[in-house]
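The values are calculated or read from the model by the stated rules, or taken from the named source; none is laboratory data. All of these numbers come straight from a predicted model, not from anything done at the bench. Using ideal geometry, Cβ is built from the backbone for each residue, glycine included, and neighbour counts are taken over all protein chains shown. Calculation scope for accessible area: heavy atoms of the full protein, side chains included, ligands and nucleic acids excluded. Shrake-Rupley method; radii C 1.70, N 1.55, O 1.52, S 1.80 Å.
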Amino acid sequence: MPIAETAHEAQGQANEEFRPKILAFCCNWCTYAGADLAGLNRMNYPADVKVLRVPCSGRVNPQHVLRALQDGCDGVLVCGCHPGDCHYSTGNYYAKRRMMVFKRLLEFEGLPPERFQIRWISGSEAGKFRDTIVQVTDDIKKLGPMAADEPSQAVVAALRAKEGEL
Amino acid sequence: MNDATQIVRERATALLADGTVAAVVGWAAGRGDHDRHVFVARTPEEAALLVADQYCGALAAKRVLSLLDEGKIALVARGCESRAVNRFMADRQLKRDQVHVIGWPCPGMLDPATGDALKRCTECQRRNPVLSDEVVGDPVPEPELDRFAELERFEQKTPEERRAFFQDMYESCIRCYACRNACPCCTCRVCFVDQERVGWMGEEFTADQARYYGTVRAFHTGDRCIECGECQRVCPQHLPLMLLMHKQVRDIDGLFGPYPGGGMEPEGPDPLRTYHTDDLEEFM
Ligand code: SF4
Ligand code: SF4
């Protein structure tokens with residue numbers, strides 16, 4: 001087996017059996033262009049991320065995030081232009097507020113924060129795109145598949161015993 | 001008969017008799033002891049059936065929206081109903097001149113079975129109507145309480161415990177949509193759940209679907225919620241839905257606040273329907 005060159009690859013080898021499915025919503029005008037540039041520059045990043053192009057981060061209905069996590073994705077990334085740089089001027093400002101509240105709501109219900117991440121990546125930030133994908137993939141690999149989040153029997157039993165007291 | 005009932009009946013009778021309004025929305029006695037339900041009075045005779053006492057647990061406001069074709073509607077409104085009226089106006093469901101608000105400073109409601117204060121009333125921050133055309137009775141002192149106390153207790157749990165808790169909760173939900181139908185914020189003509197599947201729970205009913213519904217419903221109303229607690233009151237499974245609502249209200253207050261809660265003002269913008277360019281940045 002070749003010696004792993006980076007911590008990332010070492011991690012990958014350790015979890016060889018688990019290839020996460022990660023969905024990345026990328027806005028057409030910034031992050032998708034950034035991803036394109038990363039490709040043109042032949043940057044390497046894990047192929048576990050599936051890029052879904054959307055017109056604007058403001059187009060990403062937060063419920064899509066939950067649906068993706070329920071329908072087989074192990075992590076979701078939502079990306080858009082830097083605040084102030086939105087092609088439609090304001091879309092990402094709205095997205096930011098929505099995602100801030102929705103992310104907290106999902107975490108309140110017990111979702112590990114790493115499974116739902118949001119990042120602003122401009123069209124020229126190919127490096128940031130690559131680094132983000134590497135980092136998110138690492139995070140999700142550490143967590144394992146969604147099924148790994150299932151609470152243990154002990155926690156469920158303790159909860160049932162305390163039924164009614166909140 | 002208590003004073004409020006007496007005055008509400010008199011006022012309703014007068015408003016109906018002189019044609020100011022086509023109907024009065026309030027409460028009437030049901031069959032059981034202390035059983036009260038939302039009631040629409042269209043004639044002076046029906047107005048004599050109205051009741052306004054400590055057992056009027058239901059939020060009457062949403063009934064107004066289905067009556068607008070009949071003309072101007074009067075609503076007996078406590079703090080929560082008046083906030084719902086503001087909510088309707090901000091959501092363009094109602095114009096101010098379509099409703100005559102009979103304000104009723106709220107004494108706090110009791111559970112007819114146990115005589116205890118209703119949960120939603122123990123978390124209320126606004127008993128006096130926020131708007132009215134006339135008021136029945138004297139203003140009451142506003143309660144000074146911490147409506148987030150339950151939330152803060154709950155947040156002591158670990159993420160794994162919360163995960164188990166909500167899994168349990170969503171397994172119990174029967175997707176009757178009572179929480180949506182009772183909510184004064186839920187006024188979309190076509191709800192997102194019905195865009196995907198019409199009717200009640202399908203054969204493929206799962207906790208995941210209940211979570212999708214429950215979480216997204218809570219989020220859709222999160223920045224408009226008037227914290228009336230009606231969703232939780234009507235839930236036949238007694239699910240603690242206000243945890244999700246209080247969580248969002250408190251987050252919004254902390255992140256974009258100060259935020260007094262939905263329905264305090266007749267106009268928006270609601271916190272998630274606006275932005276500031278200098279909003280907190282955590283996604284860089
Ligand atoms: S009222 Fe309760 S049981 Fe009915 S859909 Fe809402 S949460 Fe589920
Ligand atoms: S979500 Fe619940 S508490 Fe909030 S306005 Fe709707 S019914 Fe009332």
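For the set B:Ser132, B:Ser82, the ranking by accessible area, highest first and with no ligand, DNA or RNA atoms included, is B:Ser132, B:Ser82 under a 1.4 Å probe. A 1.4 Å probe over all protein chains sorts B:Thr5, B:Thr206 by accessible area into B:Thr206, B:Thr5, starting with the largest.
For chain B, a Gaussian network of Cα nodes joined below 10 Å ranks B:Ile102, B:Ile174, B:Ile226 by mean-square fluctuation, and the top entry is B:Ile174. Largest GNM mean-square fluctuation across B:Arg250, B:Arg189, B:Arg147, computed for chain B with C-alpha springs under 10 Å, falls on B:Arg189. Ordering B:Gly71, B:Tyr259, B:Leu15 by the projection of their Cα atoms onto the charge dipole of the protein assembly as shown, which places +1 on the Cβ of Lys and Arg and -1 on the Cβ of Asp and Glu, puts B:Gly71 at the extreme positive end. Dipole check for the protein assembly as shown: with +1 at the C-beta of Lys and Arg, -1 at the C-beta of Asp and Glu, and the Cα centre as origin, the magnitude is about 880 Debye. Its residue count N sets the reference 2.2 N^0.38 Å, and the alpha-carbon radius of gyration of chain B equals 1.04 times that reference. Helix B:207-222 and the longest principal axis of the Cα set of chain B meet at an angle near 60°. Here segment A:19-165 is assigned +1 on the Cβ of each Lys and Arg and -1 on the Cβ of each Asp and Glu. Its dipole about the Cα centre then comes out at about 320 debye.
Within chain B, B:Cys56, B:Cys106, B:Cys121, B:Cys124, B:Cys173, B:Cys176, B:Cys185, B:Cys188, B:Cys191, B:Cys225, B:Cys235 have no other Cys Cβ under 4.7 Å of their Cβ and so lack a disulfide-compatible partner by this rule. Comparing A:Arg59, A:Arg98, A:Arg67 in a Gaussian network model of chain A (Cα springs below 10 Å), the most mobile by mean-square fluctuation is A:Arg67. Put simply, the C-alpha atoms of the protein assembly as shown give a gyration tensor, and the ellipsoid matching it has half-axes of 48, 24, 17 Å, longest first. Here the spin labels are modelled as points 7 Å beyond Cα on the Cα-Cβ line, and at B:Asp278 and B:Asp194 they lie 4.4 nm apart. Given R0 = 56 Å, the distance between the Cβ atoms of B:Lys72 and A:Lys142 translates into a calculated FRET efficiency of 0.35. Report relative contact order for chain B in percent, whole number only (criteria: Cα-Cα under 8 Å, sequence separation at least 6). Taking the mean separation of contacting Cα pairs over the length of chain B, I get 16 percent.
Distance between the pseudo-spin-label points of A:Tyr88 and B:Asp18 (7 Å out from Cα toward the beta carbon): 5.0 nm. Taking the Cα atoms only, what angle lies between the long axis of helix B:79-90 and the longest principal axis of chain B, rounded to 10 degrees? So the helix axis and the longest Cα principal axis differ by about 70 degrees.
Spatially close Lys pairs in chain B, defined by Cα atoms under 19 Å apart and a spacing of eight or more places or different chains, total 5. Here chain B is treated with +1 on each Lys and Arg Cβ and -1 on each Asp and Glu Cβ, and its dipole about the Cα centre works out to around 600 debye. Rounded to the nearest 10 degrees, the inclination of helix B:3-17 to the longest alpha-carbon principal axis of chain B is 70 degrees.
Only Cα sites of segment A:58-123 enter the Debye sum here, all with the same form factor; the resulting log10 I(q)/I(0) across q = 0.12 1/Å is -0.30, listed in q order.
With the alpha-carbon atoms of segment B:149-273 aligned to their principal axes, the span from lowest to highest coordinate is 44, 38, 22 Å, starting with the largest. A Stokes-Einstein calculation at 20 °C with viscosity 1.002 mPa s, built on the Kirkwood radius of segment A:19-165 over Cα pairs, returns a diffusion coefficient of 134 µm²/s. Structural descriptor for chain A: relative contact order 31 percent, calculated from alpha carbon pairs under 8 angstrom and at least 6 residues apart.
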